[in-house]
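Student: Input: one structure, supplied below.
No lab work stands behind these numbers, since they all come straight from the coordinates. The shown structure was predicted, so the numbers you read here are calculated from the model rather than taken from an experiment. For neighbour counting, all protein chains shown are included, and Cβ atoms are generated from backbone atoms with ideal geometry for every residue, glycine included.
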Amino acid sequence: MDELKQIIRDIPDFPKKGIIFKDITTLLADAKSFQRMVDLLAHRYIGEKIDQIVGIEARGFILGAALAYKLGTGITLVRKPGKLPSQTRSISYELEYGSDSLEIHEDAFKEGDRVIIADDLLATGGTMAAVVALIEKMGVEIHECAFMAELEFLDGRSKLPEGKTYSLLKL
Ligand code: AMP
């Protein structure tokens, strides 16, 4: 696990001064690390009867698609406004400066679908909390929110449903 942690690179002052950006592109680009990361996460959910993975734009699509393939499920996309072509429902949420919105197709799920929501990194938890709020009214059962990595000091998991957050790497 330490090898996986070490391959994630710190980029200071990106996208703005004072932020240490955790750059996962180095992990994704390394064949062994990428495979190990996906295998370890997928292993956690084998046999859990998951129906759909929900991937959050954009880096959540990478983990989400890999998990869906391994688990034999579909993947549903949560996208920035105006990208999804059919009927959508949307949610707005607060960022450090201003606000943002995310959308999902209205008919994405069947009643009672068990889903995992996937994203690359848990920071403040604002994005994942918004996606939880967006889909929990759609008749699904949220099995877990899954991340490649988590910035533990930000305590983002306190914004998410109790006991339903898992991250492979604690940074
Ligand atoms: P948050 O809503 O604060 O949990 O973060 C939302 C998204 O922003 C995450 O999915 C990450 O992709 C990205 N993000 C936030 N903080 C960082 C960081 N320090 N390094 C890399 N990505 C970040």
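Student: Within a Cβ distance under 14 Å of residue 170, other residues only, what is the Lys/Arg minus Asp/Glu net charge?
Tutor: Details: positive: 5, 22, 157; negative: 2, 150, 152, 155.
Around residue 170, the surrounding residues sum to -1.
Student: Mind telling me which of 152, 144, 94 comes out most flexible in a GNM of the chain, alpha-carbon contacts under 10 Å?
Tutor: Highest fluctuation among the options: 94.
Student: Starting from the Cα gyration tensor of the stretch 72-171, multiply each eigenvalue by 5, take the square root, and state the resulting semi-axes largest first in whole Å. Intermediate values should be presented prior to the final figure.
Tutor: Numbers: eigenvalues 97, 59, 26 Å².
Three semi-axes, in Å: 22, 17, 11.
Student: Quick one: in the chain, what % of C-alpha pairs are over 26 Å apart? Kindly include the intermediate steps, with their values, before the conclusion.
Tutor: Working: 3733 of 14535 pairs.
Counting every Cα pair in the chain, those more than 26 Å apart make up 26 percent.
Student: Under 20 Å from the Cα of residue 22, which lysines turn up, not counting those fewer than eight places away in the same chain?
Tutor: Here the lysines satisfying the reach criterion relative to residue 22 are 5, 32, 170.
Student: Here is a follow-up. So what is the calculated 222 nm ellipticity per residue for the chain, using -39500 (n - 2.57) for each DSSP H run with n of 4 or more, over all residues, to the nearest 500 deg cm²/dmol? Let's see the in-between values first.
Tutor: Details: 5 runs with 49 residues, N = 171.
Estimated from H runs of four or more residues: -8500 deg cm²/dmol.
Student: Here is a follow-up. So how do 30, 39, 119 line up by other beta-carbon neighbours within 10 Å, fewest first?
Tutor: The most exposed by this proxy come first: 39, 30, 119.
Student: Compute the distance from the alpha-carbon center of the stretch 1-41 to that of the stretch 76-111, in whole Å.
Tutor: 26
Student: Let me ask something else. For the residue pair residue 31 and residue 141, what label-to-label distance in nm results when each label sits 7 Å from Cα along the Cα-to-beta-carbon direction?
Tutor: Rounded to a tenth, the inter-label distance reads 4.0 nm.
Student: If you average over every viewing direction, what projected area does the convex hull of the Cα atoms of the stretch 1-58 give, in nm²?
Tutor: 5.3
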